[in-house]
Amino acid sequence: METLPVRDQLLQHAQTLLMTRGYNGFSYRDLAALVDVKTSSIHYYFPAKDDLVLEAVRLYSSKTLSAMRHIDASLPPETKLKRYADQFGALMGDGDRICLCGMLAADITSLPDNVRHAVQAFFEASEAWLAKVLAEGMKQGTLHVSGNIECAARSLFAAFQGSVLASRLFQSKARLRDVVNALKSK
């Protein structure tokens, strides 16, 4: 089995720590123990924790948004939302993780501006994609949305983020499906 380069291992473990503990819940010492390196080695790749977290957010955002954008455009809107919910569920791993950007949003007062902007960009891109799907579903009559589509997309994204928190709390991914089912037309 091929071992990942140290930098990639650091980013992989940092993402997991961010998704389970948040920005303030881990240190370079924690990360060094997981990768079996000295903290000075981490500083070689990421001089400050902010550098590490920003790169982790960029990597996570790129991967997550790419998967979202690769949901088959020809699928019905309600199926796209189900696939989106499935992706959110996959983020949870064994149920102990939440969306990395959602976790960081909870730590917003501790984040440096560049990380905060990267988290905001993730939220905005997700909300824009959801707005397109909701508009399509409204047009086809398969999804019900009250009011402004952009407001509904922001509310839907917040519902997905909240459902991941509740799913973690109750150790059940069923709450993700509840979000999608609440939008379907009768």
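The charge dipole of segment 49-181, taken about its Cα centre with unit charges on the Cβ of Lys, Arg, Asp and Glu (plus for the first two, minus for the last two), comes to roughly 340 debye. Labels on offer are [x] 0.92; [y] 1.02; [z] 0.98, and the one holding Rg/Rh (Cα atoms, Kirkwood Rh) computed from this structure is [y].
The simple spin-label model puts a point 7 Å past each Cα toward its Cβ; for Asp36 and Asn181 those points are separated by 4.6 nm. Annotation for segment 137-162 versus segment 17-44: alpha-carbon center distance of 38 Å. On the beta carbon distance between Ala73 and Asp50, with R0 = 35 Å, the FRET formula returns roughly 0.45. The alpha-carbon of Lys49 sits under 13 angstrom from the alpha-carbons of these aspartates and glutamates, leaving out residues fewer than 8 places away in its chain: Asp30. Cross-link partners of Lys173 among aspartates and glutamates, defined as those whose alpha carbon lies under 12 angstrom from its own and excluding same-chain residues fewer than eight positions apart: Asp86, Asp94, Asp96.
Considering the dipole of the chain built from charges on the beta carbon (Lys and Arg +1, Asp and Glu -1) around the Cα centre, which of Asn181, Cys99, Leu165 is farthest to its positive end? Value: Asn181.
Relative to the longest principal axis of the Cα atoms of the chain, the long axis of helix 6-21 makes an angle of roughly 60 degrees. Where a ≥ b ≥ c are the square roots of the eigenvalues of the C-alpha gyration tensor, would you call segment 79-154 rounded, which needs a/c under 1.5, or, failing that, prolate if a/b is larger than b/c, or oblate? In terms of gyration-tensor shape, oblate. The relative contact order of segment 49-181, computed from alpha carbon pairs under 8 Å that lie at least 6 residues apart in sequence, is 31 percent. Listed by chain and number, the aspartates and glutamates whose alpha-carbon sits under 14 Å from that of Lys132, ignoring those within fewer than 8 places in the same chain, are Asp72, Glu78, Glu124, Glu150.
Values in this text are rule-based calculations from the coordinates and carry no lab data. Please read these numbers as outputs of a predicted model, since none were measured by experiment. Note that each Cβ is placed from the backbone with ideal geometry, even for glycine, and that neighbours are counted across all protein chains shown.
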